[in-house]
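The values are calculated or read from the model by the stated rules, or taken from the named source; none is laboratory data. Note that the coordinates shown come from a computational prediction; the quantities given were computed from them, not determined experimentally. Neighbour counts are summed over all protein chains in view; Cβ atoms, including those assigned to glycine, are modelled from backbone coordinates with ideal geometry. For the accessible areas, the whole protein counts, side chains as well, though only heavy atoms, and no ligand, DNA or RNA atoms are used. Shrake-Rupley method; radii C 1.70, N 1.55, O 1.52, S 1.80 Å.
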Amino acid sequence: MSEMVFEAVTDDEVRALFPVISQLRPQLSGPDDLLERATRMRGDGYRIVWRAGEDGTPVAFAGFRIYETLYAGLKLYVDDLVTTEARRGKGDGTVLIDWLLREARARGCQELDLDSGVQRFAAHGFYFARGLHIASYHFKRSV
């Protein structure tokens, strides 16, 4: 399996990834909504990388940013990570995680972090199998 990971840089590249990210983020209303949000988030360093299937169609998506905290130093935070339902278990997510880990090391990060909804049991198994562990609780409250 090719290890090719591509970065979505142009507006058209971001829009083309909507069918993949919408499987994780169904609240997005369409390709333009994805583009608008990603464009705003890029101001905070948000980047998108993706993986293609054999026919060139996007099959996996990762959105991430690098930032510094007082408690952990520099970290790569994964906002979004999804593989299309049809491609789960074929190694695409592993390729993206491996790419993200290499990027974190290359950028001098001390850790890679992500949050995962408590209901996403299959995703948790995937993360555990790749050496991630539960390090804290994430609390939130609507305002």
Let me see the pair-distance distribution of the chain: every alpha carbon pair, 5 Å bin width, integer percents in order.
-> 2, 9, 19, 23, 22, 17, 8, 2, 0, 0
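Students sometimes get this wrong: rank 90, 140, 75 by accessible area, probe 1.4 Å, all chains present, largest first.
Values: 90 110, 140 185, 75 0 Å².
From most accessible down to least: 140, 90, 75.
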Note, ³J(HN,Hα) from phi for the range 55-72, Karplus 6.51, -1.76, 1.60, rounded to Hz, x at Gly and Pro = 8, x, 6, x, 10, 8, 9, 9, x, 8, 8, 10, 8, 10, 10, 5, 7, 10
If amide H atoms are modeled at 1.01 Å from N in the peptide plane, then the residues at a separation of 5 or more from residue 52, or on another chain, having amide H under 5 Å from its own are 59
Inter-site label distance for residue 105 and residue 139 at 7 Å from Cα along Cβ, in nm | 3.6 nm
Using θ = phi - 60° and the Karplus curve 6.51 cos²θ - 1.76 cosθ + 1.60, what whole-Hz ³J(HN,Hα) does each residue of the range 97-106 get, with Gly and Pro shown as x?
-> 4, 4, 5, 5, 5, 4, 4, 4, 4, 5
Coil-residue GluC sites (Glu not before Pro) of the range 42-143, DSSP, other Cβ within 10 Å capped at 14 = 54
